[in-house]
Structure formats: structure tokens, C-alpha cells
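Structure, as C-alpha cells:
Every number here is computed from the coordinates shown, using simple stated rules; none is lab data. Given the structure is predicted, the values throughout are model-derived calculations rather than measurements. We place every Cβ from the backbone using ideal geometry, glycine too, and count neighbours over all the protein chains shown.
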Amino acid sequence: MRTLVGVARLLRVLGHLLHGMAIVALSFKRLGLNERQARVQGWSAALLRHLGVQLTVIGQAQPHAGLLVANHVSWLDITAIHSACPRARFVSKADVLKWPLLGWLIRQGGTLFIERERKRDAMRVVHEMAAAMQAGDLVAVFPEGTTGEGPQVLPFHANLLQAAIAARMPVQPVVLRYRQPGQPFAEAAVYVGETSLAQSLWWIACARGLAVEVCFLPPEDATSLDRRALAERLRATIQATLTPPVV
């Protein structure tokens, strides 16, 4: 039964991806900024629905330029955040450009790409991020640099946080949590190790009761700390929110 559900969902997702590519190719550049953001939000929310993923949003993104910093669990993280905050302009590893269909769509959304294998590339991206924020953009990063299993936030890489310090912009922590019935951290959403995009997509499509929670925490001042201290504080804030208190 779950196999049939998964196949049906994947067929809807394929149609949705093709529809999104048609919109971007034919009309996206002619739309105004507000219209483009509305399309991004609507398309992202619909992708979650087609996959059977329920979205819950707590709080709201800062209404001005700045940096969003989130924990990283799944390739769906960008879709989840865009469903709540279509203004977000992501920094992503260049590997996603190789993803079928999704890679092209992600590029068209104004994503900044970093080649993590090249240490000097981080400085280039920091300058681009700072310039984007100074131009009014809300930039989003995953400082862990890779996906984790959910309960434990991996150490944050501090390099990209320098952009917010240099541009004197506020940093807003964002907490992502995937749940399934009986599982405080959904196993179906885990995208780690040798798991391929196709495998992860199938597990999510077949999952029962999968939900994602996007929690926007209060923005923090980034100018009083160096990048390493800022990274440690942000990670601790996200971890404290992600871990249920002991009763």
C-alpha cells in the first residue's frame, strides 16, 4: 500500500517539477519581485504537499536584510524554509547543480554556490553574501556544511558567518525539525552518508505522517563577536531549541 502511495506522490512531484521549470523558463524573469517570491512560496508549499509533508511554521523571518542560519537535515530544508520565507536567498554547495531538474531550478532561484573543496572559494562567497545583504537581501546558510541525522547539531563552520559581521547585519537562527508518528526526529527525512537523492526522495514519498517544523528564533547582533564565537553561540541556541527539555 505504501508503495502505491509513494509512486502516486512521485508522479505528482514530477509533474510539479516540470510545471515549475516551465514557469521559470517562460515567465519568471518578467515578474516583479513580489510576484516571484509569491511563486517561490506557492511552488515550495505545493511540493511539500505533493510529498505528503505537513508544514508548521513558528515565528517569522526578519523583515529586513540579514542572515538566516539553520541546522541541516534534508535536501527538503530549502523547500521548507522557502514555504515560510520566500525572500531567503540560499548559499548551497555546488554539487546540487548536478541534481536532475532540481539543480536547474535551484540555480534560477538566485542561489549562491560554493565549492567546498576549494578553501579560497569561501572568501569569494563571503564577499558575495555581504554585497547581497547590503543590497537588501536575506541570505540563508547551513553552517554545518552537510546534513545531520536531526537530534544533534554538527559543529558550525564559521567562515560564511563573517559576511554578516562585515556587513553589520543581524543573524537569525532557524530550527528545522522533521517528525513522524512515534518519532520525534523522522527517520524518513534523514539524508546522510551514502544515501542518494533518489533513495531519500523515495523514503519521503512513502512515509506516513511526515511533518516538518520551521521555527524562526529572535535575530541576534553579529557585530560584538568574532566569527568563531558567533558560530558557537548560534549552534548552542539552535541545539537548545531542538533538544526537548528534560522533565
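Out of GLY150, SER44, ALA94, whose Cα points farthest toward the positive end of the dipole of the chain (charges: +1 Lys, Arg; -1 Asp, Glu; placed on Cβ)?
Projecting each Cα onto the dipole axis, the largest value belongs to SER44.
Scan around LYS93 for amide H atoms under 5 Å from its own, H built in the peptide plane at 1.01 Å from N, and keep only partners 5 or more places away or cross-chain.
ILE114
Whose amide H sits under 5 Å from the amide H of ALA222, counting only residues 5 or more places off or on another chain, with H placed in the peptide plane?
Sorted by chain and number, the residues that satisfy this are VAL171.
Above 22 angstrom, tally the Cα pairs of region 129-245 and express them as a % of all pairs, no decimals.
42 percent
Could you work out the relative contact order of region 128-168? I mean the mean sequence separation of Cα pairs under 8 Å and 6+ apart, divided by the number of residues, in percent.
46 percent
Please give the peptides 142-150, 96-104 ranked by average Cβ packing (other Cβ atoms within 10 Å per residue), highest first, as a rough proxy for protection.
The peptides rank, most packed first, as 142-150, 96-104.
Rounded to the nearest 500, what is the 222 nm mean residue ellipticity of the chain from helices alone, with -39500 (n - 2.57) per DSSP H run of 4+ residues and division by all residues?
After summing the helix terms and dividing by residue count, I get -13500 deg cm²/dmol.
Work through the residues other than LEU210 whose Cβ is under 13 Å from its Cβ and net out their charges, Lys, Arg +1 and Asp, Glu -1.
+4
Can you compute the radius of gyration and Dmax for the chain, using only the Cα atoms, both in Å?
Here Rg and the maximum Cα pair distance are 17.5, 55 Å.
For region 34-108, compute Rh as the Kirkwood radius over C-alpha pairs and then the Stokes-Einstein diffusion coefficient at 10 °C and 1.306 mPa s; write the answer in µm²/s, rounded to an integer.
Value of D from the Cα-based Kirkwood radius: 119 µm²/s.
Which ³J(HN,Hα) values in Hz, rounded to whole numbers, follow from the phi angles of region 177-194 under the Karplus curve 6.51 cos²θ - 1.76 cosθ + 1.60, where θ = phi - 60° and Gly and Pro get x?
Coupling constants for region 177-194: 9, 9, 10, 9, x, x, 10, x, 10, 5, 5, 5, 8, 5, 10, 10, x, 8 Hz.
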